[in-house]
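Asks: Dropping a structure here in structure tokens format, bear with me for questions.
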Amino acid sequence: MKAKNAAGVRGGNRGSHSGSHSGHASGRASARLLTVLISALAFIGAARAQSVQPFSNLQPSLVVNEDITDAGIFPSFSGSGSASGGMLGFVYDFAGNFAPSGSLSTQGQVLSISQNTALFSLLGTTYGGNGTTNFALPNLGGEALTGSGAGAPIGVPTGSATVTLSAAQLPGASLQQPFSNVQPSLPLETLIATSGVFPSRSGSAPASFLGQIATFAGTFAPAGWTVANGQVLTIASNTALYSILGTTYGGNGVSTFALPNLQGRVPIHQGQSPGTSTYVMGQVAGSENTTLLVGNLPAHNHPANANSAAGPNPSPIGNFWAEANGGGKSPVVTPSYAATSTGQMASTAIGMTGSNQPFSVVQPYLCVNFIIALVGIFPSRG
């Protein structure tokens, strides 16, 4: 079994995982409040869309490497002990442009079971493969990494990079439907270290430390780690962890405190980047779906079709405006509607609608701290 001890800062040494992946110019978002004008929405003429163009569903992104450990300590399914960062199957962000020794880039590669028996025993065919001779790694190219749970099963890709609206999703439609805000995402097990080394404010970076958030490609929480799904813990039994988290994520601060809830959420870093709002630790926002309002539509009008010849039909139902009495004579005593149109009336014949108001495409997020190791073992290329 390929489960030798891992040296240095590997596996779970994520502090928290960043919001993007290599292989996509803006694939993964550290979700910030982004608003998008639907400049490409179709104008609607005669109650039907003339053209439909998709718009981007991507959030502000930073591309880094997402790697998975293929060598390291085999994670324990249960029991006590400190959280270890050098464990097999951990997914972590790396700011370098290569996969350090003992890890592989998460690009959906198909691996041989016989050569990777320990890793296969953790992943199985969750991410692909035939389960007899091979299995696949997670493919995080251009995917946002979200926590599994809350309707987001582990290993099942979701979301879309672009959205093309249907008539049913436009304001004013009968039983108007929302559209999905979720960009391409892959849910994995998001963990928090609930036992281990207390993080120091100076000195070398340990392989893992208390309160660290990590992502695991397996389907369970190894010993020393707990799934980050918002559980409420007692302060008396977790004094060290409480001293780090406080009530940032919930709890009464007297007898209880809560862990971060990353189920179906993208983690983003606290603070502010150019052009974005300010985000504070523990802030939760975003939505999986958005319902447009009339004000979100581009300002436009609907040209009215008419016929400049005499109208032979007495009823407007199913017909067009036409000339009365063959030339506008008075009084009107003849029909003034035609079955076909020969042109359009002035653009102001029907009032303007739409206000060019932006709408949010931020998928659900949770604000946490993103850190990078400045001191530690230099990563080997092989």
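The values are calculated or read from the model by the stated rules, or taken from the named source; none is laboratory data. These numbers come from a predicted model, not from an experiment. Every residue, glycine as well, gets a Cβ built from its backbone with ideal geometry; the counts of neighbours run over all protein chains shown.
Asks: May I ask you to list pairs of residues, at least six apart or on different chains, whose Cβ atoms are under 9 Å apart, with the first in the stretch 234-257 being within 23 Å of Val197 (Cβ to Cβ) and outside the structural domain of Ile213 (by TED's automatic domain parsing) and the second being modelled with pLDDT under 95 and loosely packed, with under 15 Cβ neighbours inside 10 Å?
Replies: Short answer, once both residue conditions are applied: none.
Conditions tested, residue by residue: (1) closer than 27 Å to Thr158 by Cβ; (2) modelled with pLDDT of 75 or more.
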position: Phe43; (1), (2): no, no
position: Ala47; (1), (2): no, no
position: Phe74; (1), (2): no, yes
position: Gly81; (1), (2): no, no
position: Gly85; (1), (2): no, no
position: Leu88; (1), (2): yes, yes
position: Thr106; (1), (2): yes, yes
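Asks: Now a separate question. Please give the strands (runs of 3 or more DSSP E) falling wholly within the stretch 102-204 in which 3 or more residues are buried (at least 20 other Cβ atoms within 10 Å of the Cβ) and not hydrophobic (A, V, I, L, M, F, W, C).
Replies: Passing ranges, in order: 185-193.
Asks: What are the pairs, 6+ residues apart or on separate chains, where a residue within the stretch 150-172 that is touching a residue at least 40 places away in the same chain (Cβ under 8 Å) and among the aliphatic types (A, V, I, L, M) has its Cβ under 7 Å from a residue that is surrounded by fewer than 18 Cβ atoms within 10 Å (Cβ to Cβ) and assigned to a loop (DSSP other than H, G, I, E, B)?
Replies: So the pair list comes out as Ile154/Thr219; Val163/Pro54; Leu165/Val52; Ala167/Ala173.
Asks: Sticking with this one: Checking Gly196 against (1) more than 20 Å from Gly230 (Cα to Cα); (2) modelled with pLDDT under 80: exactly one of these is not met. Which one?
Replies: Condition not satisfied by Gly196: (1).
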